[in-house]
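Read-outs: derived from the displayed coordinates by stated rules, not from any lab. Only a predicted model underlies this, so the values are computations on that prediction, with no experimental measurement involved. With ideal geometry, Cβ positions are generated from the backbone for all residues, glycine too; neighbour counts draw on all protein chains shown.
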Amino acid sequence: MQNQEGCGGGGGGATSCEFEDWGSFGDEAIIQQKSEISADEAQKIPFVADKEPISALAAEYQSGSPILLEKIKILGEQYAAIRRTRGDGNCFFRSFMFSYLEHILDSQDQAEVDRIKAKVEECRKTLQSLGYTDFTFEDFFALFLEQLDSVLQGSESSISHDELIIRSRDQSISDYVVMFFRFVTAGEIRKRSEFFEPFVMGLSNGTVEQFCKSAVEPMGEESDHVHITALSDALGVPIRVVYLDRSSCDTGGVSVNHHDFIPTTSDLPNSTSGSTQSIQPYITLLYRPGHYDILYPK
Amino acid sequence: MAEDKYNMKNPAVKRIMQEVKEMQSNPSDDFMSLPLEDNLFEWQFAIRGPRDTEFEGGIYHGRIQLPAEYPFKPPSFMLLTPNGRFETQTKICLSISNHHPEHWQPSWSVRTALVALIAFMPTNPNGALGSLDYKKEERRALTIKSRQAAPKYGTPDRQKLMDEIHENMLSKAPPVPQLTPSESPEEPSSNSEIEPPANSQDAEGVVTREVPSNPEVGERIIEEVQEVPDNANPNPTGVRASREVSASGPSDQLLPKPETRVQKPADDRLFTWAAVGLTIAILVLLLKKFMKSSGHGAVFLDGS
């Protein structure tokens, strides 16, 4: 077992060192253990899994809460499929990455690519003005732009849908794109720190900057409303999050709640001020407490 | 791990190359860091002891290992020069360098980490693993020793790099500050206490000490006074002042002070000194007179 290998570094058996070495349970051991956990997780599910019917979701809750089963039934009426992502703390960003690139691959929307590229440039300037050193983020930016160009067909570097899945499962690409989104998110939160401050205060006791340092930029830190709002605003991409939890209405009817994150930036081409109804998010994520997956509407 | 030829498509290699380039184009006086020639993931560094600490003037060598997943995973640091703050040849506990492994972020770099390491030198180790809590004097002794040469460590190639780094750092490093045993207290305050002499012997003692310095001070006063237009006086003011003061007696010892107020604060001290000197001289004269008169008194007493 991998666990024994890591733990037995000092020579002892797995059980003995677990209890004797608490005092010297240093960073090395923590890193070791974390990588073991993520290796375990990796065996269970790739970064981005294959598409599954909604019924696969119901199977998970066979003996679970009737409210959840009821909700999954309703979900099944609106959504065709689910694509799971690995629960490594990066699931929101990873889901967003795949869903967005897949959308571009399917739609071949050149105008959208041009629009987001301009946004990415803005994000780059934001980071520079916040004092980030270029070399610390440019690789991540370059890699995302490369993927963006690849999903547009008609050039030498164009990739197929299968290739997109392969890349999304390749750590050296997938993690870089996730990190790109983390940079964009941190930049947006810090740029508009006054706006985000009250939300950040609710999640942590520190300042906006500390929040970004501890909960946005490090890989594996889970995402919350703040992250989603910031990423959606920064890139001008609307996101729908469907909530699958045990909450139910007092009136008796069970319904599946969703929340649309509509970019506040006014330069969205099809946004008319005030009405958020006109925007149909093309990225839909399923939220279950602690985790995000991708949903496919019918 | 990594061989001579690097896969430039490898994002870690690309990133590290950029850091090397950046390190070379923006050198810092506080640290120097370079990868080994044959391994981009193995670096040597030297940091300068932070100013105003017992480490000032010291040159501390260390080794950095970059993980294959860099910059997603943090680099690990160890010091090689004995320093009294961190154990040598032991990976520095990342938690105390503020780079919690779980919170390491790709926007940090070797540079950021080195700056943090320097900042952590003077902090309290609080019993953290791999930390040492030597006394200041012991650390200072190590600081002085650290300048002599780079420690002996690793392969000849690594040693060569360390020696080069040492030479470079030494050329830029400030000297180890000398310890001053104690700061000299202000002298004027003790002088003012001498002013009212209790008996003639003390007074004479003061006079013999003060006399040699008096002319010099007097001259300076004259110079200063001449700068003041209102006081344009052809006569040597020092002499005149002494006469006036002697006429009015010890209660008027503050007389010269109004003049000094015109001057800059630095000159005030000179005037005070002069006034003290003059007053003492006057007091001595008065005492002599008093001695004479008291001598007469004694005669009278004897006579009665």
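Annotations for the structure displayed:
- Which listed pairs, of B:K14/B:K73; A:K71/A:K298; A:K51/A:K73; A:K119/B:K21, have C-alpha distances above 21 Å, in listed order: A:K119/B:K21
- Counts of other chain beta carbons within 10 angstrom of each beta carbon in peptide A:131-138 average 5.
- Ordered by the count of other Cβ atoms within 10 Å of each Cβ, fewest first, A:K117, B:K9 give B:K9, A:K117.
- Distance between modelled label sites at A:A111 and A:E70, nm, 7 Å Cα→Cβ extension: 4.3 nm
- Within the straight-line cut-off of under 18 Å between alpha carbons, the lysines reachable from B:K172 are B:K145, sequence neighbours fewer than 8 places apart in one chain being disregarded.
- Modelled label reach - A:S129, point 7 Å along Cα→Cβ, segment A:188-214 residues with backbone N closer than 18 Å: A:188-197, A:209
- Positive-end residue of B:S171, B:Q18, B:P67, charge dipole of segment B:11-172 with Cβ unit charges: B:S171
- The calculated FRET efficiency for A:K298 paired with B:I144, based on their beta-carbon distance and R0 = 60 Å, is about 0.20.
- Two-site label geometry, A:M201 and A:D50: point separation in nm, points 7 Å out along Cα→Cβ: 5.0 nm
- Residues A:R192, B:R48, ranked from the fewest to the most other C-beta atoms within 10 Å, line up as A:R192, B:R48.
- FRET E, pair A:S63, A:K34, Förster distance 30 Å, beta-carbon r, rounded to 0.05: 0.40
- Environment charge at A:E156 (Cβ cut-off 14 Å; Lys +1, Arg +1, Asp -1, Glu -1): -3
- Spin-label model, B:D163 to A:S160: label points 7 Å out along the Cα-to-beta-carbon direction sit 5.9 nm apart.
- Proxy reagent accessibility, fewest Cβ within 10 Å first, across A:M97, B:M17: B:M17, A:M97
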